[in-house]
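Have a look at the structure below before the remarks.
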Amino acid sequence: MIRIITILLACQALLWAGRVEVVLESAAELPAGRVHLGDIAEISGDSSLVARLRILEVGRVESAGRQTRVSANALKSFYFPAICPAESVTVSGATIVKVTARFREIDGDSLRSLVLQAIEPRMAGVPKGDYVVEAPKFPDHIRVPEDSFRWNVEIPERFDGRGDELVSVQVIVDGKVQTSYSLPVLVRRWSAVAQTVEPIQRGQPVQAQQVKINRMETTRQNREFVTRLEDVIGRSSLRSIGRDQFLVDNWFEKPFAVHAGEQVRLHVQVGGADLSVLGMARVNGYVGQRIEVENTQSHKRLQGFVQAPGEVSVID
């Protein structure tokens, strides 16, 4: 009996010498990365040829949850000829194999929290009550690898912490980026802004009782609002302004950088050197305006240009 079995096995070996049978599965779930024939098919026959075909790369699934398809026709036409004569391989089973990279899903709120933590250092200097980061368009679930991975959140250099922004979230596996998501966030901003309590007429200097400070959302505002009452009180309005209006700086005459009767520093160029003495402004003046000043020591009256608050460059 043993001899008969031995003879049968020998006959079978001769029958399969140089030949294999490949039975394709209809679907397979694998770790993300390369797909080998041995992952999606049962292979039998010539042992040396079976070993080579099992490690034959026939596709890739790049990241968790992604899919690819491997067809029997592609195997016969492109892959098998690189290993052995086409007639050496018999293919049966499914005509197309659907391959899916294994994954697990995590809640989108976890990713949202991660992104908000990454944004927070970029908002340094902005009081916490003056901004809110929202992520209304984040997916409800994110597919990630079953095995270990880590997140990497990249905030773009152009991030200015106001309005619509995009952040990049990467899934890192073995030190390489496997998947990258571009996710939208909205940074809403509020500021303390001067607001009218009662109407202001055109040409009328602003009175203290006419304005107050109130909070305003400035998320998508690119105008320069007045944020301190002292920066608007006393300035003449260039337009009529109604009640409860938030005030924009260019609605008013430019603020004076120097005021009549106040002390200023006079700068004089002498032989390439910048000398300065104390003086007094005789009139109000804006930055860049030519005004009359008086040297405090000599009481000599001079002409100069206002350079900055309290600073005047004297004309030779």
Condition first: in a loop (DSSP other than H, G, I, E, B), outside the structural domain of Gln207 (by TED's automatic domain parsing) and either at positive phi or buried (at least 16 other Cβ atoms within 10 Å of the Cβ) (or both). Can you find one or more residues in the stretch 226-247 that meet it? no
Restricting the first residue to the stretch 295-314 and requiring it to be at pLDDT 90 or above, which pairs with a second residue that is in a loop (DSSP other than H, G, I, E, B) and not small (Gly, Ala, Ser) meet a Cβ separation below 6 Å and a spacing of at least six or different chains? Gln303/Ile315; Gly304/Ile315; Val306/Val287; Val306/Gln289
Here the residues within the stretch 158-200 that are in contact (Cβ under 8 Å) with a residue 40 or more places away in the chain, more than 19 Å from the chain's Cα centre (by Cα) and part of a loop (DSSP other than H, G, I, E, B) are Val197, Glu198, Pro199
Output the number of the condition that Val58 fails; it satisfies all remaining conditions of (1) in the same structural domain as Glu42 (by TED's automatic domain parsing); (2) part of a helix (DSSP H, G or I). (2)
Among (1) closer than 30 Å to Gln303 by Cα; (2) in contact (Cβ under 8 Å) with a residue 24 or more places away in the chain, the one test that Val211 misses: (1)
Residue ID - farthest from the chain's Cα centre (by Cα), chosen from residues in the stretch 253-290 that are at pLDDT 90 or above and of a type in the set (Lys, Arg): Arg282
Only residues that are closer than 21 Å to Gly310 by Cβ and of a type in the set (A, V, I, L, M, F, W, C): list them for the stretch 230-251, please. Val232, Ile233
Can you find even one residue in the stretch 209-216 that is over 30 Å from Asp160 (Cβ atoms), in a loop (DSSP other than H, G, I, E, B) and modelled with pLDDT of 95 or more? no
Could you grab the pairs with beta carbons closer than 7 Å, sequence gap of 6+ or different chains, first residue in the stretch 271-285 and in contact (Cβ under 8 Å) with a residue 60 or more places away in the chain, second one in a strand (DSSP E or B) and loosely packed, with under 15 Cβ neighbours inside 10 Å? none
So for the stretch 126-137 (the condition being at pLDDT below 90 and among the aliphatic types (A, V, I, L, M)), does at least one residue qualify? yes
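The values are calculated or read from the model by the stated rules, or taken from the named source; none is laboratory data. Just so we're clear, the structure is a prediction, and the values are computed from it rather than from any experiment. Here the Cβ is made from the backbone with ideal geometry for all residues, glycine too, and neighbour counts use every protein chain on show.
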